[in-house]
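Student: To start, I am sharing the structure in question, which I have written as structure tokens.
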Amino acid sequence: MLAMFQHAVVTGAASGLGRALCLELAQRGVAVVVSDVNAEGAEETAEEVRRRGARAEVIDCDVADEASVNALHEEAEGRIGPIDLLCNNAGVAVAGPFEELSLEDWKWIVDINLWGVIYGCRAFLPGMRTRGHGYVLNVASAAGLLRSPNMAPYNVTKIGVVGLSETLHAEYAEYGVNVTALCPTFFQTAIMDSSRGVEMAESKMARSRMKRSKVQAPDVARIALDDLVAGKVYSVPMTDGRVLWALKRAAPEHFYGLLNRAAKWATRFS
């Protein structure tokens, strides 16, 4: 598929899905601003983009800081031109029983996962609207649709990202701008390495499912960008995510009892 965008910014691009998005964009001939707080990892991503024949610029950004995100916008457009694709990908995880999680960890994850996306949209959307063309991919999670137990802070932030994406999709469509919420389930990523909270059997299960998933970061990146170009509100790349989401919508009163039992069963064999 030919790219519908020429200049992209990807946050959280030092590894995992962020890197995969950059490499997929490189394959499509898109100039990419690789942004992360991890400068070394961002440079590695940029080098891989360049080896694929695409332009890459590295700009440090802390998405939890509004001024840093605004500076990213200004510097990105100054270096490569008007940004017509923003991938709000940077994210972290907090897991554990609700009563055992600190408010400091709540603030940490909300600042990055939710405020970071809000700041990104506020910085980049006005220019897209003015130009009458643009795309925003907000990386949420299946947690934004399904809400697993012992993941309250993560769930809340991802629900917020999904809700924001739905709202902006409706608001900006008339201006030629598409906003999509990406909601994958499990795939190999570094998010668990920086996670906070309480280590539980579910964490071990999650790491195991990440490794076993047949759909990995390069696949998620390709599917997400195709869905974005197609104008979809949601991109749900994995079959398990689509099945569980359909089950929840069909039987909302029974869904969470089934989910709890399934989670307990899965942790026994992870």
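Student: Return the long-range amide H neighbours of residue 94 (sequence gap of 5 or more, or a different chain), with a cut-off of under 5 Å between placed amide H atoms.
Tutor: 154, 196
Student: I need the peptides 150-158, 228-236 ranked by packing, meaning the mean over residues of other C-beta atoms within 10 angstrom, with the highest value on top.
Tutor: Packing order, densest peptide first, comes out as 150-158, 228-236.
Student: In square nanometres, what is the average projected area of the Cα convex hull of the range 51-115?
Tutor: Here the figure is 6.1 nm², rounded to one decimal.
Student: Check residue 234: other-chain or 5+ apart residues with amide H under 5 Å from its amide H, H built from backbone geometry?
Tutor: Excluding prolines and chain starts, which carry no amide H, the hits are 181.
Student: Among 83-92, 103-112, how do they line up from the highest to the lowest mean number of other beta-carbon atoms within 10 Å? Could you put the intermediate results ahead of the total?
Tutor: Working: 83-92: 26.0, 103-112: 16.2.
By packing density, highest mean first, the sequence is 83-92, 103-112.
Student: Kindly provide the pair-distance distribution of the range 1-92 built from C-alpha pairs, with 5 Å bins from 0 and whole-percent values in order of increasing distance.
Tutor: 3, 17, 29, 28, 16, 5, 1, 0
Student: Quick one: how many Å² of residue 121 are accessible to a 1.4 Å probe, rounded to 10?
Tutor: 10
Student: So what J values fall out for the range 171-184 if you push phi through Karplus, 6.51 cos²θ - 1.76 cosθ + 1.60 with θ = phi - 60°, rounded to Hz, Gly and Pro as x?
Tutor: 6, 9, 4, 5, 9, x, 10, 10, 10, 10, 9, 8, 10, x
Student: In whole Hz and in residue order, list the ³J(HN,Hα) couplings for the range 95-108 that follow from phi through the Karplus curve 6.51 cos²θ - 1.76 cosθ + 1.60, θ = phi - 60°; x for Gly and Pro.
Tutor: Ordered by residue, 3J(HN,Hα) equals 9, x, x, 3, 6, 9, 8, 7, 5, 5, 5, 4, 5, 4 Hz.
Student: Amide H neighbours of residue 56 under 5 Å, at least 5 residues apart or on other chains, H built in the peptide plane: list them.
Tutor: Amide H neighbours of residue 56, under 5 Å, 5+ apart: 32.
Student: Can you classify the range 98-189 as rounded, prolate or oblate using the Cα gyration tensor, where a ≥ b ≥ c are the square roots of its eigenvalues, rounded means a/c under 1.5, and otherwise it's prolate if a/b beats b/c and oblate if not?
Tutor: On the way: a/c = 2.78, a/b = 1.95, b/c = 1.42.
Verdict is prolate for the range 98-189.
Student: In whole angstrom, note down how far apart the Cα centers of the range 6-25 and the range 33-48 are.
Tutor: 9
Student: Sticking with this structure for a sec: Give me the dipole magnitude in Debye, nearest 20, for the range 3-76 about the Cα centre, with unit charges on the beta carbon: positive for Lys and Arg, negative for Asp and Glu. Numbers along the way, then the final one.
Tutor: Working: 6 positive and 14 negative charges, 121 e Å.
Charge dipole of the range 3-76: 580 debye, to the nearest 20.
Student: For all pairs of alpha-carbon atoms in the range 21-169, what percent lies in each bin of width 10 Å, listed from the first bin to the last filled one?
Tutor: With a bin width of 10 Å, the distribution comes to 11, 37, 34, 15, 2, 0.
The values are calculated or read from the model by the stated rules, or taken from the named source; none is laboratory data. Everything numeric here is computed off the predicted structure, so don't read it as measured data. Don't worry about glycine lacking a Cβ; one is built from the backbone with ideal geometry, like all the others, and counts go over all protein chains shown. Ligands, DNA and RNA are stripped out before the accessible areas are found, and what is left, the full protein with its side chains, is counted by its heavy atoms. Shrake-Rupley method; radii C 1.70, N 1.55, O 1.52, S 1.80 Å.
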